[in-house]
């Protein structure tokens with residue numbers, strides 16, 4: 001057993017090892033969650049999924065609430081009538097685009113933002129036309145792919 005306080009680098013190594021171990025175990029298991037995990041892996045790829053899970057873990061840990069409480073809060077929010085609105089989501093993404101346009105970005109940052117702006121009408125129509133959560137998640141996955149992980153920090157923070 002390791003005792004003491006881990007620095008950020010050590011924490012990241014142990015967290016990544018834990019995520020890899022759990023994802024590998026769950027993927028190799030023949031459970032009912034396997035198709036869902038496979039879908040996540042196909043949509044995000046191993047590295048991005050592992051990084052997003054690590055970020056989610058850190059966010060929950062910093063919030064001061066426990067994992068199970070975070071899960072309960074999420075399920076409660078998703079099940080609450082009126083708690084989920086595609087109009088609100090579209091508004092937030094349109095605000096993100098406007099914010100991006102107001103920032104001084106690198107040529108690559110402008111390229112990414114402009115590419116997303118071109119695709120946005122298509123995504124907006126999909127979000128507004130379909131009401132099932134599964135379809136919304138699929139569209140959000142496509143939006144996430146359209147906004148790469150190497151966005152400029154000023155945009156990453158807003159997203």
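The values are calculated or read from the model by the stated rules, or taken from the named source; none is laboratory data. Bear in mind the structure is a predicted one, so any value in this text is a computation, not a measurement. Backbone-built Cβ (ideal geometry, glycine too); neighbour counts: all protein chains shown.
Is there any pair linking a residue in the range 117-137 that is surrounded by fewer than 12 Cβ atoms within 10 Å (Cβ to Cβ) to one that is at pLDDT below 75, with Cβ under 8 Å and at least six apart or on different chains, and which?
Taking only residues 6 or more apart or on different chains, the pairs are 133/78; 133/84.
How about the range 21-128: which helices (runs of 4 or more DSSP H) wholly inside it have at least 1 residues that are within 30 Å of residue 9 (Cβ to Cβ) and at pLDDT below 85?
Hits in the range 21-128: 34-44, 67-79.
Can you tell me how many residues within the range 93-109 are more than 20 Å from the chain's Cα centre (by Cα) and surrounded by fewer than 16 Cβ atoms within 10 Å (Cβ to Cβ)?
8
Under 14 Å from the mean Cα position of the chain (by Cα), surrounded by fewer than 11 Cβ atoms within 10 Å (Cβ to Cβ) and closer than 27 Å to residue 147 by Cβ: is that true of residue 8 in this structure?
No, not satisfied.
Yes or no: the range 142-151 includes at least one residue that is surrounded by fewer than 13 Cβ atoms within 10 Å (Cβ to Cβ) and modelled with pLDDT of 85 or more.
No, because not a single residue in the range 142-151 is surrounded by fewer than 13 Cβ atoms within 10 Å (Cβ to Cβ) and modelled with pLDDT of 85 or more.
Pairs only if they're at least six apart or on different chains, beta carbon under 9 angstrom, first in the range 90-106 and on the phi > 0 side of the Ramachandran plot and without any contact (Cβ under 8 Å) to a residue 12 or more places away in the chain, second surrounded by 12 or more Cβ atoms within 10 Å (Cβ to Cβ) and outside any helix (DSSP H, G or I); list them, first residue then second.
Matching pairs, first to second residue: none at all.
Determine the pairs where a residue that is touching a residue at least 40 places away in the same chain (Cβ under 8 Å) and on the phi < 0 side of the Ramachandran plot, located within the range 36-51, has a partner that is surrounded by 14 or more Cβ atoms within 10 Å (Cβ to Cβ) and in a helix (DSSP H, G or I) with Cβ atoms under 6 Å apart, the partner being 6 or more residues away or on another chain.
43/141
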